[in-house]
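The values are calculated or read from the model by the stated rules, or taken from the named source; none is laboratory data. Since the model is a prediction, treat every value here as computed from it, not as a measurement. Here the Cβ positions follow ideal geometry from the backbone for every residue, glycine too, while neighbour counts run over all protein chains shown.
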Amino acid sequence: MIRATLATISALLALALPAAAADDFIASPTLRASVTVTSDVVRVGDLIDNAGSAALIPVYRSPDLGTTGTLTVAQVLSVLRAKQVIGVMTGDLKEVQVTRLARTLANKDLETAVASALERRFGLGDAANITVTFDRGVAEMRLDASNSGALQPVATRYDARSGRFDIAFEIANDSNPTATKLRFTGTAIETVEVAVLTRDIDRADTLKSSDVALERRPKAEVTGEPASRERSVGMQLRRAMRAGTPLRAADIVKPDFVVRDQAVTVIFQAPGLYLTTRGKAVESGAEGDTVSVLNLQSKRTLTGVVTGRGQVTIQGASQSVPMAPAVEQTSSLKRDEAPAPVDAAALLRNLVQAPASPAQIAQAQIPQARVSQAQAK
């Protein structure tokens, strides 16, 4: 009975020994090929798996924030032996890469934080329209990865006259109850998007797409409403302007369709009447402007509205039409007598020589109507 029990125990021990050996193999310290750290030191537990009680022993200073360093396996094993860490499995590794994590704040992130702290304060507008320049060039800033909080402004100073700012921020830290503090100084200017001339432009030039570019300029440089690029193209300037000049809405006007001393077509319109002649513009004007023109035949000055390029229209309501001399004003016509033709040129020559009433305008068309009646008989 005792022998059977011992045999059973021996068998159990024999089975247990390979399992124990396997556990010992799995638990062997093994060197890592790639290491990631968040603190400023590299510890044994960062370099090898199953480091046991030696895991917290510091062995290297960490690389700079956001960078990666490389160590040969021989260097690592030498340092570990000095710390009484031996028996580390390396496999076929030749080197170990150590990367230090970091939180990176790009220059744009910092500019946005400053602009947001100033938004709608100290007489400034939206953050999107505030241009920030730091006193010292800040390409980007790297912080320990534990600084996971948002940039919170805790003290803000701004001089509206000079545009100078001095702002202090705090960032919550996961591993430290004390927040990380940052401070920035520089200038912040509110800007507007405005159309800017790309070349010198004369008063008579019509703005083309290539003549105008969009730029952001300090708001103080643009008094009044800034002109948009879309609104500027196809327009003219009120005065000649130099390249680089920002455009205001007040600087642009519709292009002149009629230029002073230009030969123009004069159109007279009245109910049932449409006459044209040549004239000369006394002044320049854009479409819809009221200008004066000289009737080259009567040498009288008329006033009309610019309705097209080189075209001025005079409405019968404003310039009365005299009765044409060629029109017969009798109460009846002989059946076989044809009316005298209406001389349109003569009628237009006399447009401004004598006022006429709407009734007289109607009389100028009576002969043709009477002829029709006579023919009907």
*Can you tell which of Glu140, Glu170 is touching a strand residue (DSSP E or B) at 6+ places or on another chain (Cβ under 6 Å), under 30 Å from Arg100 (Cα atoms) and either surrounded by fewer than 17 Cβ atoms within 10 Å (Cβ to Cβ) or of a type in the set (Lys, Arg) (or both)?*
Glu140
*Test: residue in segment 212-229 that is over 18 Å from the mean Cα position of the chain (by Cα) and more than 22 Å from Gly123 (Cα to Cα)*: no
*asked:* Being modelled with pLDDT of 85 or more and part of a loop (DSSP other than H, G, I, E, B): is that true of Lys299 here?
replied: yes
*State which residue pairs qualify: first residue farther than 23 Å from Gly308 by Cα and inside segment 237-259, second residue part of a helix (DSSP H, G or I) in any location, beta carbons under 6 Å apart, and separation of 6 or more residues or different chains.*
Leu247/Ser232
_Looking at the structure I just gave you, is Ser39 crowded, with 18+ Cβ neighbours inside 10 Å and closer than 22 Å to Arg142 by Cβ?_
no
*Which of the residues spanning segment 122-143 are outside any strand (DSSP E or B), in contact (Cβ under 8 Å) with a residue 12 or more places away in the chain and closer than 12 Å to Phe184 by Cα?*
Asp135, Val138
*Across segment 223-280, what is the number of residues that are in the same structural domain as Thr198 (by TED's automatic domain parsing), of a type in the set (Ser, Thr, Tyr) and outside any helix (DSSP H, G or I)?*
3
*Which condition breaks for Ala74 when tested against (1) within 30 Å of Pro153 (Cα to Cα); (2) at pLDDT below 95; (3) in a helix (DSSP H, G or I)?*
(1)
*What pairs can you find where one residue is in segment 101-121 and without any contact (Cβ under 8 Å) to a residue 60 or more places away in the chain and surrounded by 14 or more Cβ atoms within 10 Å (Cβ to Cβ), the other is outside any strand (DSSP E or B) and among the β-branched types (Val, Ile, Thr), and their Cβ atoms are less than 9 Å apart, with a gap of 6+ or different chains?*
Ala102/Thr38; Ala102/Thr67; Leu105/Val138; Asn107/Val138; Glu111/Val138
